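Read through the structure below, which is laid out as structure tokens, and then see the notes.
The values are calculated or read from the model by the stated rules, or taken from the named source; none is laboratory data. Owing to the predicted nature of the structure, the values given are computational and were not obtained by experimental measurement. All Cβ positions, even for glycine, are placed from backbone atoms using ideal geometry, and neighbour counts span all protein chains on display. Keep in mind that these areas ignore ligands, DNA and RNA; they rest on the heavy atoms of the full protein, side chains included. Shrake-Rupley method; radii C 1.70, N 1.55, O 1.52, S 1.80 Å.
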Amino acid sequence: MTSTQSDLHSSVFTTETMAVPGGTETILRGGRHLFGLLPDAFAGIRRIGVLGWGSQGRAQAQNLRDSLEGTGITVTVGLRPGSSSADDARAHGFTETDGTLGDWLDVAATSDLVILLIADAALAAHHEEVFAALRPGAVIGLSHGFLLGHLRATGGDFPPGHAVVAVCPKGMGDSVRRLYVQGKEIDGAGINSSIAVHADPDGRATDAALAWSVALGSPYTFATTLHAEYLSDIVGERAILLGAVHGLVECLYRHFLLGGDDPVTAYERSCENVTGPISATISRDGLSAVRTRSGDTDAFDRAFTAAYRPARDLVAEIYDEVADGTELRSVILAEQRLADRPLSRIGGTAMWSAGAEVRARRDTRDLPVDPLTAGLFVATMTAQIDEFAARGHAWSEIVNESVIEAVDSLLPYMHARDIAYMVDNCSRTARLGTRRWGPRLQSAYEQEVLPAADAPADTGLVDAFTANPVHQALAAAAKLRPAVDISLA
């Protein structure tokens with residue numbers, strides 16, 4: 001595996017070089033001490049419009065407002081007529097009275113930076129209205145590359161004369177806000193972000209993107225492209241970040257029940273193990289530590305080697321379907337089918353009824369790492385890492401999209417609420433992808449992986465894991481993360 005070098009040049013912020021396998025990457029270390037530089041980096045931007053009040057919109061609007069307090073730069077939320085989110089936006093301090101809440105197209109027409117955080121399918125359907133409303137020279141901001149994929153698939157493009165930048169937090173909106181607030185006490189606490197500069201007509205787009213990331217509270221910011229972000233983000237949602245987690249725990253829960261465990265124990269060995277001790281171990285000490293702490297490295301190795309190739313094959317298939325537009329089309333088609341009815345929920349199966357009892361007894365037991373569960377989970381995570389590396393993604397993007405986002409944002413949230421709750425309450429794009437690919441992964445675990453988990457371990461695969469360059473990349477990235485408590489009450 002080789003790493004591509006990512007350069008990040010700023011006329012305002014001081015960047016630094018981070019050593020990664022095969023080269024270096026230029027990154028920006030965040031922190032509240034940089035807030036004083038935001039007006040210079042946002043030169044020419046006096047009004048920021050945040051369109052949408054979903055998980056990311058709510059978090060980003062509040063973080064930007066708080067970071068820019070006293071600078072004269074105004075943050076305004078724009079909502080579509082009749083939006084059910086208006087009352088919640090008002091409750092969080094955005095109001096029509098002071099001009100910080102308004103109609104989405106009016107906000108787009110009067111803002112210097114317009115951040116598009118409405119749902120993917122809605123953005124695909126209505127982006128032309130937003131583009132038509134933009135004032136000359138306004139910066140178009142995205143937190144996801146989905147719109148680029150849609151424009152390429154339909155022969156469209158971003159309007160000329162506008163900078164197009166993306167700031168993509170590597171975590172869900174709740175974590176973006178929660179850790180930002182925590183950062184008031186622990187400087188730099190937050191969610192890492194990638195930035196992409198897709199169009200830069202006046203040469204100021206990079207500084208504006210970095211300022212946006214700093215204002216969100218990102219501990220470190222790394223560079224990517226909008227296309228690479230779209231690929232890694234959509235694939236990650238369908239693989240280790242959500243789809244594979246759901247398929248894995250559903251499979252293992254049934255496996256442990258058939259092996260004689262009661263429902264609570266089966267839940268602890270599957271779902272609770274992934275979201276609890278496995279996630280925490282990776283966050284604190286890296287992937288290799290999970291193997292050591294499993295207590296049975298032979299069982300871990302057998303599970304790892306049984307799961308790696310089937311997981312890698314499916315991650316590659318997901319990647320191909322995202323890259324050629326198949327996955328995007330499936331989301332658009334699903335939105336059309338579901339226009340007048342809700343998406344069904346997955347949290348009603350018997351498995352999830354055990355979750356409440358498991359969470360209630362957490363304080364009374366120190367749950368050990370289960371070697372079978374750990375081997376399957378780490379193999380799937382490693383498969384995604386290796387596939388991204390083979391496809392040419394930079395190491396910061398690989399470790400954030402495959403590891404850090406999982407263990408520092410999504411899995412802690414699932415630990416507090418359970419995985420089914422997460423699946424049923426995440427973005428529509430993520431829900432659709434999880435429901436499409438989770439069962440495919442579950443079938444692979446049941447039909448290919450578990451039957452092979454008793455066979456002797458493949459020492460070549462184990463050696464490749466222990467020598468994997470991801471350990472070096474993850475250790476370098478971990479040094480930039482503040483020591484924060486990522487648990488949720």
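Every condition in (1) among the small types (Gly, Ala, Ser); (2) out of contact with any strand residue (DSSP E or B) (no Cβ under 6 Å at 6 or more places or on another chain); (3) part of a helix (DSSP H, G or I) is met by ALA209 except one, and the failing one is (2). PHE304 passes every criterion in (1) closer than 22 Å to HIS415 by Cβ; (2) crowded, with 23+ Cβ neighbours inside 10 Å apart from (1). The single condition from (1) over 22 Å from VAL235 (Cα atoms); (2) touching a residue at least 24 places away in the same chain (Cβ under 8 Å); (3) of a type outside the set (Phe, Trp, Tyr); (4) out of contact with any strand residue (DSSP E or B) (no Cβ under 9 Å at 6 or more places or on another chain) that VAL130 fails is (4).
Looking only at the stretch 294-342, count every residue that is among the charged types (D, E, K, R), under 20 Å from SER402 (Cβ atoms) and modelled with pLDDT of 95 or more and tell me the total. Reasoning before the result, please.
Of all residues in the stretch 294-342, those among the charged types (D, E, K, R) come to 296, 298, 301-302, 309, 312-313, 317, 320-321, 324, 327, 329, 335, 337, 340-341.
Okay, now just the ones that are also under 20 Å from SER402 (Cβ atoms), so 309, 312-313, 317, 320-321, 327.
Pick out the ones that are also modelled with pLDDT of 95 or more and you get 309, 312-313, 317, 320-321.
Adding up the residues that qualify gives 6.
Regarding ALA416, is this residue in contact with a Leu (Cβ under 6 Å, 6 or more places away or on another chain) and modelled with pLDDT of 90 or more?
Details: in contact with a Leu (Cβ under 6 Å, 6 or more places away or on another chain): yes; modelled with pLDDT of 90 or more: yes.
Answer is yes for this residue.
Name, by its number, the condition in (1) modelled with pLDDT under 95; (2) in a helix (DSSP H, G or I) that does not hold for SER3. With (1) modelled with pLDDT under 95; (2) in a helix (DSSP H, G or I) applied to SER3, the lone miss is (2).
Listed by first and then second residue, the pairs linking a residue in the stretch 398-426 that is over 30 Å from ALA350 (Cβ atoms) to a residue that is open to solvent by less than 10 Å² (accessible area, probe 1.4 Å) and among the basic types (Lys, Arg), with Cβ atoms under 9 Å apart and 6 or more places separating them unless they lie on different chains, are ASN400/LYS170; GLU401/LYS170; ILE404/LYS170; ASP408/LYS170. Could we say that ALA374 is open to solvent by less than 70 Å² (accessible area, probe 1.4 Å), more than 21 Å from the chain's Cα centre (by Cα) and under 19 Å from VAL423 (Cβ atoms) here? When the stated conditions are applied, ALA374 does not pass them. Please specify each residue of the stretch 347-364 satisfying the condition of being of a type in the set (A, V, I, L, M) and over 18 Å from LEU257 (Cβ atoms). Once the filter is applied, which keeps residues that are of a type in the set (A, V, I, L, M) and over 18 Å from LEU257 (Cβ atoms), the stretch 347-364 yields only ALA360.
When residues in the stretch 388-428 are screened for being assigned to a helix (DSSP H, G or I), of a type in the set (S, T, N, Q) and surrounded by fewer than 23 Cβ atoms within 10 Å (Cβ to Cβ), 1 of them pass. Take the conditions modelled with pLDDT under 95, buried (at least 18 other Cβ atoms within 10 Å of the Cβ) and at negative phi and apply them to PHE146. Does it pass? Yes.
Among the residues examined, ARG80 qualifies as open to solvent by 40 Å² or more (accessible area, probe 1.4 Å), at pLDDT below 95, farther than 21 Å from GLY190 by Cα and of a type outside the set (Ser, Thr, Tyr). Only a single item in (1) modelled with pLDDT under 95; (2) out of contact with any helix residue (DSSP H, G or I) (no Cβ under 9 Å at 6 or more places or on another chain) is not met by ASP103, and it is number (1).
Within the stretch 25-34, if we keep just the residues that are more than 21 Å from the chain's Cα centre (by Cα) and open to solvent by 50 Å² or more (accessible area, probe 1.4 Å), the residue that is farthest from LEU216 (Cα to Cα) turns out to be HIS33. Quick one: in the stretch 228-277, of everything that is more than 14 Å from the chain's Cα centre (by Cα) and not in a helix (DSSP H, G or I), which residue is surrounded by the fewest Cβ atoms within 10 Å (Cβ to Cβ)? Selected residue: GLY260. Among the numbered conditions (1) surrounded by fewer than 20 Cβ atoms within 10 Å (Cβ to Cβ); (2) assigned to a helix (DSSP H, G or I), the only one that ARG65 does not meet is (1). Checking VAL164, VAL139 one by one, the residue that is under 17 Å from ILE45 (Cα atoms), open to solvent by less than 60 Å² (accessible area, probe 1.4 Å) and more than 21 Å from the chain's Cα centre (by Cα) is VAL139 and no other. Of the residues making up the stretch 40-62, just one is polar (S, T, N, Q), within 16 Å of THR100 (Cβ to Cβ) and buried (at least 24 other Cβ atoms within 10 Å of the Cβ), namely GLN60.
Is it fair to say LEU37 is touching a residue at least 24 places away in the same chain (Cβ under 8 Å), surrounded by fewer than 18 Cβ atoms within 10 Å (Cβ to Cβ) and either on the phi < 0 side of the Ramachandran plot or in a loop (DSSP other than H, G, I, E, B) (or both)?
Working: touching a residue at least 24 places away in the same chain (Cβ under 8 Å): yes; surrounded by fewer than 18 Cβ atoms within 10 Å (Cβ to Cβ): yes; either on the phi < 0 side of the Ramachandran plot or in a loop (DSSP other than H, G, I, E, B) (or both): yes.
Considered against the rule, which asks whether it is touching a residue at least 24 places away in the same chain (Cβ under 8 Å), surrounded by fewer than 18 Cβ atoms within 10 Å (Cβ to Cβ) and either on the phi < 0 side of the Ramachandran plot or in a loop (DSSP other than H, G, I, E, B) (or both), LEU37 comes out as yes.
Only a single item in (1) hydroxyl-bearing (Ser, Thr, Tyr); (2) closer than 27 Å to ASP320 by Cβ; (3) out of contact with any helix residue (DSSP H, G or I) (no Cβ under 8 Å at 6 or more places or on another chain) is not met by THR224, and it is number (3).
Please determine, by comparing only the residues of the stretch 315-364 that are assigned to a loop (DSSP other than H, G, I, E, B) and among the basic types (Lys, Arg), which one is least open to solvent (accessible area, probe 1.4 Å).
Of the residues in the stretch 315-364, the ones assigned to a loop (DSSP other than H, G, I, E, B) are 324-325, 338-349, 361.
Checking the rest, the ones that are also among the basic types (Lys, Arg) come to 341, 345, 361.
Values: ARG341: 125, ARG345: 145, ARG361: 74 Å².
Per the criteria, the residue is ARG361.
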